Amino acid sequence: MSTKSSYRILGVDPGTNILGYAVLEVQGKKLLPLEMGVVNLQKLGDHYEKLKHIFIRIQQLAKTHEATEMAVEAPFYGKNVQSMLKLGRAQGVAIAAAKVLGIDVVEYSPKRIKQAITGSGNASKEQVARTLEMIYKISFDDHYLDSSDALAAAVCHYQEKSSPIKRLKGKQNWNDFLSEHADRIIK
């Protein structure tokens with residue numbers, strides 16, 4: 001994960017028909033959405049062509065915006081196993097596209113993302129979009145809320161990463177603390 005005061009997070013809401021993306025610039029504690037949109041894959045009939053297009057587009061976005069991190073929404077379990085498999089493939093290809101470029105990737109559940117934005121893990125896509133619109137003074141097309149989901153994933157990632165509680169994760173004893181803060185030891 002980037003430790004610079006200014007860096008960019010690529011948020012991705014994977015899909016094989018519509019893939020949402022958003023690029024979020026972090027400047028200290030200020031968050032600036034730079035680009036948001038969707039990749040419409042519906043006209044590509046072949047599933048493998050869709051996966052190829054996802055790979056290429058994620059790499060283009062990451063390179064263009066010099067993203068150092070990617071937050072991706074995890075697929076949720078649905079009733080249609082074939083749809084779930086295709087969604088998982090789309091997510092895997094997006095992750096592979098980022099990892100090939102050396103970008104750190106973190107996955108978040110839809111419930112966690114909704115909770116980070118609205119305070120409720122049971123919020124609707126529309127509630128998430130409206131909350132982001134109010135915070136960032138932007139507008140989403142109601143037909144393609146996938147870009148708002150992608151921005152929500154990026155914002156969730158920023159919040160998780162900057163949380164003081166998360167920074168303590170894994171530090172379970174004094175030896176861990178002392179090894180990281182040797183300058184505080186009085187001899």
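The values are calculated or read from the model by the stated rules, or taken from the named source; none is laboratory data. A quick note: this is a predicted structure, and the numbers were derived from the prediction, not measured. Cβ placement follows ideal geometry from the backbone for every residue including glycine, while neighbour counts extend to all protein chains displayed. Only protein heavy atoms, including side chains, enter the accessible area calculation; ligands, DNA and RNA are left aside. Shrake-Rupley method; radii C 1.70, N 1.55, O 1.52, S 1.80 Å.
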Q) Viscosity 1.002 mPa s, temperature 20 °C: Stokes-Einstein D of the range 70-131 from its Kirkwood Cα radius, in µm² per second? A) 166 µm²/s
Q. Roughly how much of R8 is accessible, in Å² to the nearest 10, using a 1.4 Å probe?
A. 60 Å²
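Using the reciprocal of the averaged 1/r over all distinct C-alpha pairs, how large is the Kirkwood radius of the range 1-154 in Å?
Averaging 1/r across every pair of different Cα atoms and inverting gives 15.4 Å.
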Q | Members of K43/K161; K99/K161; K52/K137 lying beyond 30 Å, as alpha-carbon distances in this model show | A | K43/K161; K52/K137
Q: At 0.36 nm per residue, minus the direct Cα-Cα distance, what do I186 and F76 gain on full extension? Give it in nm, one decimal, please.
A: 34.5 nm
Q) Which distance in nm do the two modelled labels at Q60 and Q27 give, with both placed 7 Å along the Cα-to-Cβ direction? A) 2.7 nm
Q) If a helix is a whole DSSP H run, which ones in the chain reach 15 Å or further along their own axis (Cα) and hold a mean Kyte-Doolittle hydropathy of at least -0.5? A) 81-100, 125-136, 146-162
Q: With a 1.4 Å probe and every protein chain kept in, tell me what percent of the accessible surface of the chain is carbon plus sulfur.
A: 53 percent
(Q) So if each residue of separation counts as 0.36 nm, and I subtract the Cα-Cα distance between D104 and Y136, what length gain in nm does that give? (A) 9.0 nm
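Can you pull out the trypsin sites (Lys or Arg not before Pro) in the range 15-79 that DSSP calls coil and that have at most 12 other Cβ atoms within 10 Å? Working shown, then result.
Working: sites: K29, K30, K43, K50, K52, R57, K63, K79; in loops: K29, K43, K79.
Filter output for the range 15-79: K29, K43, K79.
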